[in-house]
Each structure stands twice: as C-alpha cells, then as structure tokens.
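Student: Quick one: the structure is below, questions incoming.
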Amino acid sequence: MVFTVAIDGPAAAGKGTISRAVAAHFGFAHLDTGLIYRATGRRVLDGDTPEQAARALKPADLEADGLRTPEVAQAASRVAAIPEVRAALVEFQRDFARREGGAVLDGRDIGTVICPNAEVKLFVTASDEVRADRRYRELVEGGHDVTPDGVLADLRARDARDSGREAAPMTAAADALLLDTSDMSIDAAVEAAVAAVAARLAQG
Ligand code: CDP
C-alpha cells in the first residue's frame, strides 16, 4: 500500500512528535525533512557551498550529532530559501513518500510542493509564545545555553524567512486540516491526527 501523510507547520509546533506518533500507530515510515535542511546547513557551516552540500547529502548525514542547535536551525533556514538546494532534495523526499507500506513526512512544503497528492495533509500550528516555550525547554534539556527571549526571536526570524521566501514558502495547503496545538495536550493533538488518518484509510 502506498499512503502519504504530509504534516507541515512552523518551528516547534509539534510536527515532530505528532509525526512520530502517527507513524508508530500505523506502522508507517517517518521522514523529518527538517533534518535534511539542517544537515545541509551543517555542511555549509563546515565550508561547502549550499548546492554542493545539498547534492552531496547522504542518509547517514541525518544521523549526525548537533543538528538540533539554534545555529544549525538558522543555517538550515538560510539554505532552504535557495531554489537549487530545494530542487536537489525533491526526489529523495518523493521516493520516500511513495514507498510501500505508508509514509509520514513532516516539514514546511510537504502538502504543497513535495506531495500535493498526499492522502492526508495536516498543518500544525501554535502561538509564537507556546512554540518558543516548548523549544526553550527542549534546548535546555539538551544542555544548550539559551534564553527564552533569544529562542522566541530565533523562531520568529526563521518563521518569517520560511514563509516569506519565494521557493516553496511555508503555507498550509488548501486541503490541509488545521491543528492549532496552543491549548491542546500533545496526547490530544496526536489523537486528532490519528483520527484524521484512520478516517482516510477507512475510505480505501
Ligand atoms: O524543528 P523545527 O520545526 O524548529 O525545524 P525543522 O523542521 O528541523 O526545519 C529547520 C528548517 O529547515 C526550517 O526553518 C526551514 O527553513 C527548513 N525546512 C524547509 O524549508 N522545508 C522543509 N520541508 C523542512 C524544513
């Protein structure tokens, strides 16, 4: 069976947690496409040109340590605005999406550009403050030296760049189900996402 779940949304909205839970629930494969851009950004910080970095990317690069730092997040967002970089990464994502057994992809442009025919599309959001608070806690837990205001400013800068760029800007697909997780527990958000996928699977 080929079945694609596209989950998009801004930074730290809960896409990752929801995607992993949906994939585990249905036994689908999961691809965090943000990691692809983070790994590309990492290579650029290490001296590659953005295009070289995107072309040379290997699946093992997604397992590298240190991809979750604020510095790499900003580098990812900068390389992600370059059309040649995005073009070099399309095929890998589409192949993953149409693999046998079902796939969940989360990112910014999955429902709009990578998989416009995905069987299920979700756009996950939350207020800036709630997202910054979640990301701040994650980063502190990971041992990073950050401040709440710094995290909020970083996140807003990245969202502005991601939604303002010309190449595949972050936006909800017209047929995406909107999930605002500002006042939702993560369990409730996962439950809503699982219900949407189950309803679509039941249609055959
Ligand atoms: O985890 P978080 O939501 O903060 O970010 P991410 O999903 O790891 O994505 C990092 C950056 O990669 C984003 O700010 C985007 O600039 C870029 N990205 C993208 O352009 N398209 C995607 N499909 C996924 C990520």
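Please treat every number below as a calculation from the coordinates, not as lab data. What you see is a predicted model, and the numbers here were worked out from it, not measured in a lab. Backbone-built Cβ (ideal geometry, glycine too); neighbour counts: all protein chains shown.
Student: Looking only at region 113-133, how many residues end up being out of contact with any strand residue (DSSP E or B) (no Cβ under 6 Å at 6 or more places or on another chain) and closer than 24 Å to residue 154 by Cβ? Write out each step before concluding.
Tutor: Restricting attention to region 113-133, the residues satisfying the condition of being out of contact with any strand residue (DSSP E or B) (no Cβ under 6 Å at 6 or more places or on another chain) are 113-114, 116-117, 126-133.
Now narrow it down to the ones that are closer than 24 Å to residue 154 by Cβ: 126-133.
The qualifying residues number 8.
Student: Considering each residue of region 131-184, count those that are more than 26 Å from residue 4 (Cα to Cα), in a loop (DSSP other than H, G, I, E, B) and not small (Gly, Ala, Ser), and give that number.
Tutor: Counting residues in region 131-184 that are more than 26 Å from residue 4 (Cα to Cα), in a loop (DSSP other than H, G, I, E, B) and not small (Gly, Ala, Ser) gives 5.
Student: State whether one or more residues within region 119-131 are within 12 Å of the ligand (Cβ to nearest atom), touching a Gly at 6+ places or on another chain (Cβ under 8 Å) and farther than 18 Å from residue 23 by Cα.
Tutor: Here is the first cut: in region 119-131, the ones within 12 Å of the ligand (Cβ to nearest atom) are 124-126, 131.
Of the ones still in play, those that are also touching a Gly at 6+ places or on another chain (Cβ under 8 Å) are 124-126.
Filter again for farther than 18 Å from residue 23 by Cα, leaving 125-126.
The answer is yes, given that some residue of region 119-131 is within 12 Å of the ligand (Cβ to nearest atom), touching a Gly at 6+ places or on another chain (Cβ under 8 Å) and farther than 18 Å from residue 23 by Cα.
Student: If you take just the helices (runs of 4 or more DSSP H) that sit entirely in region 1-97, which of them hold at least 1 residues that are of a type in the set (Ser, Thr, Tyr), within 13 Å of the ligand (Cβ to nearest atom) and in contact (Cβ under 8 Å) with a residue 24 or more places away in the chain?
Tutor: Details: elements: 15-26, 33-45, 50-56, 70-79, 83-97.
In region 1-97, the matching helices (runs of 4 or more DSSP H) lie at 15-26, 33-45, 70-79.
Student: Within region 158-197, work out how many residues are out of contact with any helix residue (DSSP H, G or I) (no Cβ under 7 Å at 6 or more places or on another chain) and either within 16 Å of the ligand (Cβ to nearest atom) or within 18 Å of residue 75 (Cβ to Cβ) (or both). Quick ask: steps written out before the conclusion?
Tutor: If we filter region 158-197 for residues that are out of contact with any helix residue (DSSP H, G or I) (no Cβ under 7 Å at 6 or more places or on another chain), which is where we start, we get 159-160, 163-166, 172, 174-175, 178, 180, 183-185, 187-188, 191-192, 195-196.
Now narrow it down to the ones that are either within 16 Å of the ligand (Cβ to nearest atom) or within 18 Å of residue 75 (Cβ to Cβ) (or both): 159-160, 163-166, 172, 180.
Number satisfying all stated conditions: 8.
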